[in-house]
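Structure first, then comments.
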Amino acid sequence: GIARLHHEYQINQSLTSPHVCRALAFNDFEHQIVFEDRRCRALRDLIGSDQLGFDERIDIAIGIAKALQSVHDEGVIHRDVNPGNIVVADEDLAVYLIDFGFATVAPREYPLQDAVESLTGTLPYLSPEQTGRVNRVIDYRTDLYSFGATLYELFAGVPPFTHSDPLELLHA
């Protein structure tokens, strides 16, 4: 809700990375964040199109890695890396991260046990430690797992796990 939007806006404002779409303002009346327009499209939309050759996909993969490194260097864990939260500029294929609503600035976080109802992130890209099913801390590596799932989809055209049932996805 509104608290998540405020959180996203605050995280976005704290970042100096050139690989983050800048939040310009928070509109309290309409409860929305106004972002700069970089003339981008969601990676999810590009994956399904035939507009990307192998070289462009490699360039985008490198761009995602640089973007994640830049926010990790600032102590932020995104926690919802997926093709819907990565946008690519039409002009030069520059990569930007969006949607920091689940991000954390804590260096590590312990997941709540039995917290399936309160999972944060997008299931096919969710790292095992974010599910609470393994007893591991959530740190920057959770984004690397999601990055790997995103790369799989970027090159294969489909997510690594395509189960429709949420519990089957968690198990996978």
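The values are calculated or read from the model by the stated rules, or taken from the named source; none is laboratory data. Since the model is a prediction, treat every value here as computed from it, not as a measurement. When we count neighbours, we look across all protein chains shown, and the Cβ atoms used for this are built from the backbone with ideal geometry, even at glycine. Please note that ligands, DNA and RNA were not included when accessible areas were found on the heavy atoms of the full protein model with its side chains. Shrake-Rupley method; radii C 1.70, N 1.55, O 1.52, S 1.80 Å.
Chymotrypsin sites (Phe, Trp or Tyr not before Pro) within the stretch 1-35: which are DSSP loop residues with at most 12 other Cβ atoms inside 10 Å? Numbers along the way, then the final one.
Working: sites: Y9, F26, F29, F35; in loops: F29.
Here the chymotrypsin sites (Phe, Trp or Tyr not before Pro) that fit, given the DSSP loop and packing criteria, are F29.
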Exercise for review: In vacuum, with every alpha carbon of the stretch 1-50 counted as one equal point scatterer, what does the Debye formula give for log10 I(q)/I(0) at q = 0.25, 0.32 Å⁻¹? Two decimals, please.
Suggested key: -0.97, -1.17
**Study point:** Whole-percent carbon and sulfur share, accessible surface of the stretch 1-85, 1.4 Å
**Key:** 50
